[in-house]
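What follows is a single structure, written as structure tokens, with notes after it.
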Amino acid sequence: MKGDERMNEILTQEKSIYLQISEMIENDILRDIILEEEKVPSTNELAKLYAINPATAAKGINILVDSGVLYKKRGIGMFVATGAKEEIKKRKQAEFADKYIKTLLMEAESIGITKEELIRMIKQSV
Amino acid sequence: MNEEKLICRDIVKTYGKKDVLDHVNLELEKGKIYGLIGRNGAGKTTLLSILSAQNPATRGTVTYNGMPVWENREALDHICFSRELNPIGSQGQSNLKVKEYLQAASIVMPNWDNELAKHLVEKFELDEKKKIVKLSKGMMSMVTIICALASKADYTFLDEPVAGLDVVMREYFYRVLLDEFADSGRTFVISTHIIEEASDVFEEVIMLDKGKIILKENTQELLDRSRHISGKAEEVDAMTAGMKTFHVEKMGRSKGVTVLLEPGQELKQTADVSVQQMNLQQVFVALCGKEVE
């Protein structure tokens, strides 16, 4: 994702663990590892599996509840909503430009590749 | 039961002329895992021993559910501080065999879970017939972990529980801890120097520096607002103008600083300035470490 490291940067890219949990569940839904209307692991199961605090696991799950990917069945657990897979795809497409193109442009700018050159390079590689 | 709390107010501890704890105020809630981190000599062990009334404070009070804990059996029955063992133990425990030591603990702790203790002895492959004094550092840590978990105390403190444990046992310990936590909703306070691998286990982190609590915050929220900014010094200064910066590092024209964002603040990476998220160990070093010039 990133270009060359620069002086005084810190050497590890960290991402919040609860975001990793929610993204992992989303990716499992995209890959049909968890199907729509199926139950996802509980916060305690996730906590034990990844050795993380259950409150952190719950935070990851709650992001998906808020975005409508998961819904709660009282006393049973969290389930994948119908249509969730399509929704995740749409959102990831919308985020694509911000996540990948901007980084690409930034790195290109810092090493003096013009926008025209960049477009030519993309055309060549597809 | 939600008001159940362990509270310390304005704790001062002085050894001779040295202030080891300097007006410490702390509220520990029921059902959380707290990480207590600080450099050597920051006062971690002293704080835990005062919270569990194993050591008198010079000034200030510690209360459990409103009751003072000092010389109060009723409150202390809910609190367990499983101290680090060492082979030249001054408490005379070192000549005991593991089995005898655990028996002694089972008498002191009113809610002792013998089955859990036995299960953990087996899992850790501890030889119960061995004397404490003959144990390796890692095996001593296992004994203190067993005492802490089997105590079933509502408030359980572990001082450097993973010292001397290999990476497999450390991970095993955190899983056992989370297991016990999920089943019981007890409160744990855990001090450790191996910050990074424990950070995801702590719901809240308490940073102690030179006898003062410099930070007590939800671990994930702290990480969400910690940023390392680096690049050309002027650009870094422009981006962080008006913000409190920690741990300034300079090298030639380049500069790196740490900032803690306030609610609503955001810093965007540019072509000239890198904005990076940090892990707990990096935040700790930034707040408590030495400046590198």
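No lab work stands behind these numbers, since they all come straight from the coordinates. Everything quoted here is computed from the prediction, not taken from an experiment. All Cβ positions, even for glycine, are placed from backbone atoms using ideal geometry, and neighbour counts span all protein chains on display.
Hand me the trypsin sites (Lys or Arg not before Pro) from the range B:75-168 located in a DSSP loop with no more than 15 other Cβ atoms within 10 Å, in residue order please.
B:129, B:130
Just to be sure I understand the curve: with the Debye formula and one point per C-alpha of chain A, what is log10 I(q)/I(0) at q = 0.18, 0.22 Å⁻¹?
-0.99, -1.22
Which whole-number value in Å³ per residue fits the convex hull of the alpha carbons of the range B:160-293?
Normalising the Cα hull of the range B:160-293 by residue number yields 147 Å³.
Across every pair of different alpha-carbon atoms, what Kirkwood hydrodynamic radius in Å does the range B:51-153 reach?
14.5 Å
Can you tell me the convex hull volume per residue for the range B:225-288, based on C-alpha atoms, in Å³ to the nearest whole number?
79 Å³
Over the whole of B:170-183, what's the average partner chain Cβ count within 10 Å per residue? Rounded to a whole number, please.
3
Let me know the whole percent of all Cα-Cα pairs from chain B that are separated by more than 27 Å.
Above the 27 Å cut-off, chain B has 47 percent of its Cα pairs.
Under the Kirkwood approximation for Rh and a Cα-based Rg, what ratio Rg/Rh is obtained for the range B:1-50?
Answer for the range B:1-50: 1.02.
At 7 Å along Cα-to-Cβ for each site, give me the label-to-label distance between residue A:122 and residue B:290 in nm.
5.0 nm
State, to one decimal in nm, how far the label point of residue B:133 lies from the label point of residue A:87, with both points 7 Å from Cα in the Cβ direction.
Label-label distance for residue B:133 and residue A:87, simple model: 6.6 nm.
If packing is taken as the average number of other Cβ atoms within 10 Å across a peptide's residues, how do B:153-159, B:210-216 rank, most packed first?
In descending order of packing, they fall as B:153-159, B:210-216.
A 22 angstrom limit on the alpha carbon distance is what I want to check against. Which of B:99/B:134; B:13/B:212; B:44/B:97; B:99/B:137; A:90/A:115 exceed it?
B:44/B:97; A:90/A:115
Kirkwood Rh over alpha-carbon pairs of the protein assembly as shown, then Stokes-Einstein at 37 °C and 0.692 mPa s: what D in µm² s⁻¹, rounded to an integer?
135 µm²/s
For the protein assembly as shown, give me the percentage of DSSP beta bridges that are antiparallel, rounded to the nearest 5 percent.
Given both bridge residues lie in the protein assembly as shown, the antiparallel proportion sits at roughly 70 percent.
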